[in-house]
Amino acid sequence: MTGHTSPRRRPTLANQIAWARGQATQQARLAARATDNSATRQRALIAKAMAEATARSLLTLQSGHRE
């Protein structure tokens, strides 16, 4: 069966929440290793805040949605 590709499954809401939480944790680690007031630390803190906001938003969706 050449040329056959299986359809990709959409990530579940729970998977998306787990991914966002993992990103927040990873960015927190990166910020902790960076020197104070460095651009790397600032970018990591911004990315962490965005990932946390994404997780909170997805949790809000999940509370009104059951898969």
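With contributions of -39500 (n - 2.57) from each DSSP H run of at least four residues, the per-residue ellipticity at 222 nm computed over the chain stands at -24000 deg cm²/dmol.
Across the range 40-46, computed HN-Hα scalar couplings (Karplus, 6.51 cos²θ - 1.76 cosθ + 1.60, θ = phi - 60°) run 4, 5, 5, 5, 5, 5, 5 Hz from first to last residue, x flagging Gly and Pro. The label point for Leu59 and the one for Ala18, both projected 7 Å from the Cα toward the Cβ, are 1.7 nm apart. This model, with +1 at the C-beta of Lys and Arg and -1 at the C-beta of Asp and Glu, gives the chain a dipole about its Cα centre of some 100 debye. If you look at the Cα atoms of the chain, you get an Rg and a Dmax of 16.7, 56 Å. Against the chain, whose longest principal axis comes from its Cα atoms, helix 13-33 is set at around 20 degrees.
Read the figures in this text as sums done on the coordinates, not as results from a lab. These numbers come from a predicted model, not from an experiment. Cβ coordinates were reconstructed from backbone atoms using ideal geometry, including for glycine residues, and neighbour counts include every protein chain displayed.
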